[in-house]
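Student: What follows is a structure written as structure tokens; I'll ask about it next.
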Amino acid sequence: MANNPNVIENLKPFVKGDKRINRKGRPKSFDQLRKLAQAIASEPLSDSEKLTRIEALLRLMSSSRAPADRKTFLEYAFGKVKDEVDVNNSGDVILRVIREEAKKTDAT
């Protein structure tokens with residue numbers, strides 16, 4: 001790429017007041033990103049409707065044919081269902097670990 005003269009000719013360094021410079025930069029933390037996303041979500045979808053972007057997205061999720069969308073909508077609306085795992089199982093559980101090396105030596 002450095003040997004190509006066309007690439008070098010098209011490179012232009014930043015100068016003071018250049019519009020290409022990103023003055024705000026990337027968000028410094030997730031909280032800033034969340035605030036930005038919330039601000040965008042609360043914008044009206046169009047001038048003629050009073051529906052916000054997030055309302056339209058939630059309505060779309062609630063009527064989606066995809067089960068994952070409907071599940072996510074319900075979790076946003078009513079909270080996530082608690083997952084319970086019984087780690088004190090009194091039943092007999094036998095785990096057999098068979099290493100690949102043992103399989104190869106048994107087969108030969």
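Rule-based calculations on the coordinates, nothing more; no lab input. Worth saying up front: this structure is predicted, and the values here are computed from it rather than measured.
Student: Whose amide H sits under 5 Å from the amide H of residue 52, counting only residues 5 or more places off or on another chain, with H placed in the peptide plane?
Tutor: Counting only residues 5 or more places away or on other chains, the set is 45.
Student: Binned at 5 Å from 0, what are the whole-percent values of the Cα-Cα distance distribution for region 27-81, short to long?
Tutor: For region 27-81, the pair-distance distribution reads 4, 19, 18, 18, 21, 14, 5, 0.
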